[in-house]
Amino acid sequence: MATATSDVTQAVHRVPPAPGKAAAGRTPRRRKNLTPWAFLSPTVLLMLVLMLVPIVMVIVYSLKNNVIMTRKSEIIGLGNYGEILTDPIFLKALMNTVIFTVTSVVAHLVLGLTFAMMLNSPLLSNATRAVFRVIYFLPWLFTVAVIAVLWRLILSPNGVLNYILQQWGLISEKVEWLSSPSTALIAVTFINIWAGYPFYMVSLLAGLQGIPRDLYEAARVDGATARQQFFNVTIPQLRPIIISMAMLDVIWTSQQFALIWMTTGGGPGTSTEMLSTYTYKLAFSEYEFSLASTSAVIVFLLSMVLAFWYARHQKARD
Amino acid sequence: MTTITSTAPSGGGVRQNRPASHWPAKIALLAGLTVGALFAGLPVLWMLSNSFKSNTEIFSLPPSLITDSFSFSAYTSILTDSTKLRFFLNSYVIALSVTALTLLVSLLAAYAFSRYEFRGKKALSVLIVSVQAIPPITLLVPYFGLMVVLKLYNTYPGLILTYMVFTLPYAIIMMTGYFNTLPKELDEAVRVDGGGPLVALFRVLVPISIPGIISVSVYTFMISWNEFLFALTLTKTEDMRTVPVGIQLLMGQHSYEWNEMMAMSVLGSIPVLLLFLIFQRYFIGGMTSGSVKS
């Protein structure tokens, strides 16, 4: 490391006062055009084989019947799409995904902002802030498998949550949070909220620290209350971060598979079925690979619409 | 705890309010922070606590965070079980390989993006960014088919290559952004002296990019360590399963051995927790800039 650093400093000293394009101009034009592609070749190869090819494959699969399971598959046009889009379970999965995603994203935002605001308070010493920041960030560090087992234990009928709620008189009898149709969707959404807010919190905290103090000073001079400062200074300043984070979160949350699979498996019945679990089951429980591909393509198209919005918003910011 | 009280009065330098008015606000704030910390931290403590209990004590009433019959038996039963140790070995092999390879490939790509102008640069970078929005579930069926055809089904390379597709875009974006902040004169000087671009990259740029490299590595390791969907579908035999899939399998097999499940969860979380605690600064910084900029 030490030698490397001294190399750097030497290199800096050797730079002539007028650098710029002169150095780059020395390399022959042909070589200059090929070198970057040599550097990019592993990336391009990987993306070609494991991104473009699979996407073409899944689209082709979705237009055929009996793929993977037999050799006698043939193009059947859009028939699979008709079948999926009229499947009541697909529509239920779509509905559940929307509810799960919207609720999670809103709650992530509210919790993330609340925690970020508390952590940003000038009343805290740096040490206190650091300790709480680590605790608040904890949920984000656990793999979904761990989060799933942990909450299955907490939410089990004989689990600690039911005990506490009964002690406080909030429920009269034990609730089967994850295995009763009326509470399962709420339960998995809650778990997802617990697991996902830290990402917002960190970004919003950085955003809060970037807001110029004079804006608050000016607002105070004008007699703004804390509430007015929040809505007229803090929120408008954080707006770009909030919108980016919310869009990213919509893309991620709507694709959540592992958490659902390991807590409820989409059940009971179809009460927590999501687009991801629905697609997975078509492929690996029912071996309907053509229909699974069709569902996967629909999920893909929906995500592309979201990604397009996200990209357009990012562009507008630049 | 004493530090909080002693620094508070002098900490008022930022806002020139009357010091006396701080106290009610501060107590309210600490109360709020504590409620939040219980929400975030209690489930984690519950996991830790139950990993040291016996199975019967886990559901005993009233529940207690500190157990009377503290025991390591859940841990020893995992650490002496070759099947479970194999899950850990697999996870380490895969996550470390993905991290090393992603780093190497992304450094090369980022160098090209940051230091060269070439036809198709814009299109390629848009493509790489948009890959991040492709739902994993969309790729599941074709990957299953492709891995069988390529004879990579149920192998390490199959999972390693799969994970790289998901970790590379972020790594490339991060490293390109990082290189862009370093003056071009640094590596151009090496080129003027006759060193090739590889020398410029690895002798000059890499040593001063350590914070960026750490942030990318931690992120990549974490994604690969935690991945579940492809680990579940692209492996078949028990000796190829990773920790997350192992946890799920145990849950299905003997769902009543909660102490072992909790111990497994604790052990499975330690690598990421350690990485985070050690590299917190780089990691959070990288994560924020990545999410806000990209």
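Read-outs: derived from the displayed coordinates by stated rules, not from any lab. On a predicted model such as this, the values are computed, not experimentally measured, just so you know. FYI the Cβ positions are ideal-geometry reconstructions off the backbone, even for glycines, and counts take in every protein chain you see.
Got a sec? Charge dipole of the protein assembly as shown, +1 on Cβ for Lys and Arg, -1 for Asp and Glu; which of B:Ser77, A:Met51, A:Trp168 is way out at the positive end?
A:Met51
If you average 1/r over every pair of different alpha-carbon atoms in the stretch A:46-316 and take one over that average, what Kirkwood value in Å do you get?
After inverting the mean inverse Cα-Cα distance, the result is 21.4 Å.
Take the alpha carbon atoms of the stretch B:147-216, find their center, do the same for the stretch A:30-62, and report the distance between the two centers in whole angstrom.
Result: 16 Å between the Cα centres.
R0 = 25 Å: FRET efficiency of A:Leu165 with B:Asp68, Cβ-based, nearest 0.05?
The pair A:Leu165/B:Asp68 has a calculated efficiency of 0.50.
What distance in nm lies between label points placed 7 Å from Cα along the C-beta direction at A:Arg227 and B:Val148?
Computed distance between label sites A:Arg227 and B:Val148 equals 6.3 nm.
Could you tell me which helices of chain A pass both thresholds, a Cα extent of 30 Å or more along their own axis and a mean Kyte-Doolittle hydropathy of at least 0.0, with helices taken as whole DSSP H runs?
The qualifying helices are A:88-119, A:184-209, A:289-317.
To the nearest 20 debye, what charge dipole does the stretch B:81-285 have about its Cα centre, counting +1 at the Cβ of each Lys and Arg and -1 at the Cβ of each Asp and Glu? Can you show the working numbers first?
Numbers: 13 positive and 11 negative charges, 97 e Å.
Its charge dipole is roughly 460 debye.
Taking the Cα centre of each part, how many Å lie between the stretch B:239-268 and the stretch A:191-238?
The stretch B:239-268 and the stretch A:191-238 have Cα centres separated by 41 Å.
Between B:Thr181 and B:Leu127, what is the label-point separation in nm under the 7 Å Cα-to-beta-carbon projection?
Simple spin-label model gives 2.9 nm for this pair.
Within 10 Å of each Cβ in peptide A:47-59, how many partner chain Cβ atoms are there on average? Round it to a whole number, please.
5
Counting only complete DSSP H runs, which helices of chain B cover 18 Å or more along their long axis at the Cα atoms and score a mean Kyte-Doolittle of -0.5 or above?
Sorted by number, the helices that extend far enough and score high enough are B:22-50, B:82-115, B:136-149, B:156-180, B:210-226, B:258-293.
Give the residue list of chymotrypsin sites (Phe, Trp or Tyr not before Pro) in the stretch B:228-258 that are DSSP loop and have at most 11 other beta-carbon atoms within 10 angstrom. Spell out each step's value before the answer.
Values: sites: B:Phe228, B:Phe230, B:Tyr256, B:Trp258; in loops: B:Phe228, B:Tyr256.
In loop regions of the stretch B:228-258 (DSSP not H, G, I, E or B), the sparsely surrounded chymotrypsin sites (Phe, Trp or Tyr not before Pro) are B:Tyr256.
Rounded to a whole number, what is D in µm²/s for the stretch B:29-70 from Stokes-Einstein with the Kirkwood radius over alpha-carbon pairs (37 °C, 0.692 mPa s)?
Working: Rh = 11.3 Å.
Using the Kirkwood radius from Cα pairs, D works out to 290 µm²/s.
Between A:Met304 and A:Leu48, what FRET efficiency comes out of the Förster formula 1/(1 + (r/R0)^6) with R0 = 25 Å and r the beta carbon distance, rounded to 0.05?
Numbers: r = 19 Å, r/R0 = 0.76.
The pair A:Leu48/A:Met304 has a calculated efficiency of 0.85.
Cα-based Rg of the protein assembly as shown per 2.2 N^0.38 Å, rounded to two decimals?
1.04
For a paramagnetic label modelled at 7 Å from the Cα of B:Tyr92 toward its Cβ, which residues of the stretch A:126-145 fall within the zone defined by backbone nitrogen distances under 14 Å?
No residue passes the distance filter.
Could you size up the charge dipole of chain A around its Cα centre, putting +1 on the beta carbon of Lys and Arg and -1 on that of Asp and Glu, and report it in debye to the nearest 20?
My answer is approximately 1480 debye.
Please return the longest range in chain B lying between exposed loop sites, taking trypsin sites (Lys or Arg not before Pro), DSSP loop only, at most 12 other beta-carbon atoms within 10 Å, and leaving the sites out.
The reported range is B:1-118.
How many nm separate the modelled label positions at B:Thr237 and A:Ala127, each set 7 Å beyond the Cα in the direction of the Cβ?
5.5
Amide H of A:Lys64: which non-local residues (sequence gap of 5 or more, or other chain) have their own amide H closer than 5 Å, using H built in the peptide plane?
A:Ile76
Binning at 10 Å from 0, report for chain B what percent of all alpha-carbon pair distances ends up in each bin.
With a bin width of 10 Å, the distribution comes to 5, 20, 24, 22, 17, 9, 2, 0.
Considering Cα pairs under 8 angstrom that are at least six residues apart, work out the relative contact order of the stretch A:161-311 and quote it in whole percent.
23
Count the lysine pairs in chain B whose Cα atoms lie under 20 Å apart, taking only pairs 8 or more positions apart in sequence or on different chains.
Step by step, the pairs that qualify in chain B add up to 7.
Along the charge dipole of the protein assembly as shown, Cβ charges K/R +1 and D/E -1, which of A:Leu119, B:Ala31, B:Thr235 sits furthest on the positive end?
So the residue we want is A:Leu119.
Express in nm, to one decimal, how much length is gained between A:Glu286 and A:Leu78 on full extension, taking 0.36 nm for each residue of separation and deducting their alpha carbon distance.
Result for the pair: 72.8 nm of gain on full extension.
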